[in-house]
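Asker: Please see the structure below; I have some questions.
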Amino acid sequence: MSNSKNRTWIVKNQRRILSPDNSLSPIISQLLINRGLDTKEKVEIFLQPDYSRDLHDPFLFKNMAQAVARILQAVEAKEKIFIYGDYDADGVCSTAIMSEYLREIGANFDIYIPFREKEGYGLNLSAAEEIVTKGAKLVITVDCGISNSAEVDFFNTKNVDVIISDHHQQPLIMPKALAIINPNVDDENYPFHGLTGSGVAYKLVTAMVAKQYNYKIAHTIQGWEKWLLDLVAIGTVADLQPLTDENRTIVKYGLMVLNKGKRLGLAKMFSLMSSEIKSADEKTVGWQIAPRLNAAGRLNHASVAYKLLITTDEEEATRLAIELNKTNSERQQLTDKIKIEARAQIGENPTDEILIVVGDNWPTGVVGLVSGRITDEFHRPSLVISRFNGEIIGSGRSIPEYNIVAELKKCDQYLKRYGGHPQACGFTIKDEASLQEIIKLMKSSAQQQLANQNLKPELEIDCEVDLENVDWPMYNLLTQFAPFGEANPKPKFVAYNLTVVEVRQVGKDNQHLRLLVKHNSELIKKTIAFSFGDWHDKLSEGDNIDIVFEVDKNDWNGSSELQLRIIDIKKNHE
């Protein structure tokens, strides 16, 4: 299968912006400018993230002081506290962050993570009733709660206080909670909107750490909370939030904590993945850790992932890691199967501006993954909806041109519950008639917004380079741009008019392509193009091509070499 998607290549403006006396190469200067880093101060903060300098004061959240006081009072009075989490990787990390701190300060607490297939996202009334019967006096939500006005009203009638810590978009009706910590509600002044559920939970913990000495409770030792940063980093990368501002610092330091291998369950997971925890980076988190943590809540119950994160028992850690690995394999197979069924509904060349598919008995835990694959393939927003266990549950993914959660909000009257971000949403539909109305409304809004747009996927490229300039000093400078992710993608370069020296298929089923190329000299450069195996028959020695690539290091057999990883190829017809 070819990786090429007939993408439009967009090379960012080539312009010098930093003062001429700066010692950075033109290429590195261009990369910094492309990221909006046009002063020496911004460059220094970006290239050298600093934990003590870069994190915002948690008390900038308008309700933070009230939330902290109520939680620490509850701990002091030994009141029963419930942490109410979510079943995705960010949600279980948020739950673990809050529970580990409450355990350290001697709180009387329990946790509740809903079962995705039976309870859906966020608070629900039957769970709320159960929590009340167990004697709760305070509920702290993590990574959820902002859309749960009715459930918060119920808690209020039972004299149970609710503190919402969340990062999802504001709904039409705001819950009447005691305190709301959420950077994305309209009247919040917190300076950074990109925190995940884990990030918000961590902010709440750091605020409590600052005030814990005012209460007759156990106290954490100075700096203890930094050991939670591995969980914050995993949640942030898994939830695809921008790796800018304090998220960049959180993930950079969180990866350092992760590399120390102190969390037993994660260490066991790494041994099963044949991966080194001491060299794990944001890519390892995004492609290996997050899918396994997510798999628990997609197919079974997320408590397996939560327990893996907090366990200190060797035997339990091994058992949970094996279980998550197995669940993740099942999830992969199920996703592939349902994607085939969904693709059959769409056809080969769909013309609709939004792609909507409806199936029976598709497990709700994988519909979001299928939606993501459809959106990625066709560069169109998509909704994948399943009639499952007597409910109509769906998930959506989008493109930058279409805010899918804002459009879903306009269908509020047809929905039992919903939430999400501009690029991703989850929802439960009231009934069959409502399903038809939602399909009609979403198709109409997508048509209005996208009909006259060129919906060919675009490939953003940082700058043009000569391959002769791609060397170890350049690679070492590029590593300072990590961690890579949303809003800070790995730098991509374009090189024009290369000469093909050798073409080889490699990998299982010959699915990859290895090219040797020359540019403006006789220097031969090695490249690898994953999933471009079918280009083998399109290229011959002596052909002229353009490539978009990233600069990688290939460690093999005890030695390292620079490797250009091709993202896209165009053949020049002279």
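Asker: Determine if region 185-196 includes at least one residue that is assigned by TED's automatic domain parsing to the domain that holds LEU60, assigned to a loop (DSSP other than H, G, I, E, B), in contact with a Ser or Thr (Cβ under 7 Å, 6 or more places away or on another chain) and not hydroxyl-bearing (Ser, Thr, Tyr).
Answerer: So far as region 185-196 goes, yes, one or more of its residues are assigned by TED's automatic domain parsing to the domain that holds LEU60, assigned to a loop (DSSP other than H, G, I, E, B), in contact with a Ser or Thr (Cβ under 7 Å, 6 or more places away or on another chain) and not hydroxyl-bearing (Ser, Thr, Tyr).
Asker: Among what's in region 394-421 and is free of Cβ contacts under 8 Å to residues at least 40 places away in the same chain and assigned to a loop (DSSP other than H, G, I, E, B), pick the residue that is nearest to LYS440 (Cα to Cα).
Answerer: Only one residue tops the list, namely CYS411.
Asker: Suppose the filter is farther than 17 Å from LYS571 by Cβ, acidic (Asp, Glu) and touching a residue at least 12 places away in the same chain (Cβ under 8 Å); does ASP552 pass it?
Answerer: Taking the combined requirement at face value, the residue satisfies it.
Asker: How many of the residues in region 197-224 are closer than 17 Å to TYR51 by Cβ, among the hydroxyl-bearing types (Ser, Thr, Tyr) and part of a loop (DSSP other than H, G, I, E, B)?
Answerer: 1
Asker: Can you confirm whether region 456-472 contains a residue that is assigned by TED's automatic domain parsing to the domain that holds ASP546 and either without any contact (Cβ under 8 Å) to a residue 12 or more places away in the chain or within 21 Å of VAL358 (Cβ to Cβ) (or both)?
Answerer: Within region 456-472, none of the residues are assigned by TED's automatic domain parsing to the domain that holds ASP546 and either without any contact (Cβ under 8 Å) to a residue 12 or more places away in the chain or within 21 Å of VAL358 (Cβ to Cβ) (or both).
Asker: Oh, and also: If you go through region 443-454 one residue at a time, how many are in contact (Cβ under 8 Å) with a residue 24 or more places away in the chain and assigned to a helix (DSSP H, G or I)?
Answerer: Residues flagged as in contact (Cβ under 8 Å) with a residue 24 or more places away in the chain and assigned to a helix (DSSP H, G or I) within region 443-454 amount to 6.
Asker: Report yes if GLU522 is over 22 Å from ILE27 (Cα atoms) and among the charged types (D, E, K, R), otherwise no.
Answerer: Considered against the rule, which asks whether it is over 22 Å from ILE27 (Cα atoms) and among the charged types (D, E, K, R), GLU522 comes out as yes.
Asker: Taking the criterion of being in contact with a helix residue (DSSP H, G or I) (Cβ under 8 Å, 6 or more places away or on another chain) and closer than 30 Å to GLN413 by Cβ, would at least one residue in region 188-198 satisfy it?
Answerer: Yes.
Asker: A follow-up question, please. Here is a list: ASP537, ASP509. Which entry is in contact with a helix residue (DSSP H, G or I) (Cβ under 8 Å, 6 or more places away or on another chain), outside the structural domain of THR236 (by TED's automatic domain parsing), free of Cβ contacts under 8 Å to residues at least 60 places away in the same chain and over 30 Å from THR244 (Cβ atoms)?
Answerer: Of ASP537, ASP509, the one residue that is in contact with a helix residue (DSSP H, G or I) (Cβ under 8 Å, 6 or more places away or on another chain), outside the structural domain of THR236 (by TED's automatic domain parsing), free of Cβ contacts under 8 Å to residues at least 60 places away in the same chain and over 30 Å from THR244 (Cβ atoms) is ASP509.
Asker: Just wondering, is there one or more residues in region 99-111 that are part of a helix (DSSP H, G or I), in contact with a Cys (Cβ under 8 Å, 6 or more places away or on another chain) and either of a type in the set (Ser, Thr, Tyr) or touching a residue at least 40 places away in the same chain (Cβ under 8 Å) (or both)?
Answerer: no
Asker: Could you say whether any residue in region 220-232 is farther than 27 Å from PHE481 by Cα, of a type outside the set (S, T, N, Q) and touching a residue at least 12 places away in the same chain (Cβ under 8 Å)?
Answerer: Checking region 220-232: at least one residue is farther than 27 Å from PHE481 by Cα, of a type outside the set (S, T, N, Q) and touching a residue at least 12 places away in the same chain (Cβ under 8 Å).
Asker: Out of region 271-294, which residues are under 22 Å from THR335 (Cβ atoms), surrounded by 20 or more Cβ atoms within 10 Å (Cβ to Cβ) and of a type in the set (Gly, Ala, Ser)?
Answerer: Result: ALA290, single match.
Asker: Here's another thing I want to ask about it. Let me confirm something: among ALA136, ALA210, which residue is out of contact with any Pro (no Cβ under 9 Å at 6 or more places or on another chain), of a type in the set (A, V, I, L, M) and either surrounded by 20 or more Cβ atoms within 10 Å (Cβ to Cβ) or closer than 27 Å to THR244 by Cβ (or both)?
Answerer: On inspection, the qualifying residue turns out to be ALA136.
Asker: Another question about this same structure. Can you name the residue in region 250-265 that is touching a residue at least 40 places away in the same chain (Cβ under 8 Å) and outside any loop (DSSP other than H, G, I, E, B) and, of all such residues, is surrounded by the most Cβ atoms within 10 Å (Cβ to Cβ)?
Answerer: Selected residue: VAL251.
Asker: Follow-up. Are any residues in region 225-245 in contact with a Pro (Cβ under 9 Å, 6 or more places away or on another chain) and within 15 Å of SER52 (Cα to Cα), and if so, which ones?
Answerer: ASP245
Asker: Considering only region 166-176, state which residues are within 18 Å of GLY120 (Cα to Cα) and either touching a Leu at 6+ places or on another chain (Cβ under 6 Å) or modelled with pLDDT under 95 (or both).
Answerer: HIS167, HIS168, GLN169, PRO171
Asker: Within region 381-393, can one find any residue that is over 26 Å from LYS118 (Cα atoms), under 22 Å from the mean Cα position of the chain (by Cα), touching a residue at least 12 places away in the same chain (Cβ under 8 Å) and assigned by TED's automatic domain parsing to the domain that holds PHE427?
Answerer: yes
Asker: Out of the residues in region 422-442 that are among the aliphatic types (A, V, I, L, M) and assigned to a strand (DSSP E or B), which is surrounded by the fewest Cβ atoms within 10 Å (Cβ to Cβ)?
Answerer: For region 422-442, the residue satisfying everything is ALA424.
Asker: Before we move on, is ASN349 touching a Lys or Arg at 6+ places or on another chain (Cβ under 6 Å) and without any contact (Cβ under 8 Å) to a residue 40 or more places away in the chain?
Answerer: In short, no.
Asker: Right, something else. Tally the residues that are among the hydroxyl-bearing types (Ser, Thr, Tyr) and in contact with a helix residue (DSSP H, G or I) (Cβ under 7 Å, 6 or more places away or on another chain), restricting the search to region 241-258.
Answerer: Looking only at that region, the number is 2.
Asker: Within region 149-179, which residues are in a strand (DSSP E or B) and within 23 Å of the chain's Cα centre (by Cα)?
Answerer: ILE164, SER165
The values are calculated or read from the model by the stated rules, or taken from the named source; none is laboratory data. Quick caveat: nothing in here was measured; it's all calculated off a predicted structure. Note that we place each Cβ from the backbone using ideal geometry, even for glycine, and neighbour counts take in every protein chain shown.
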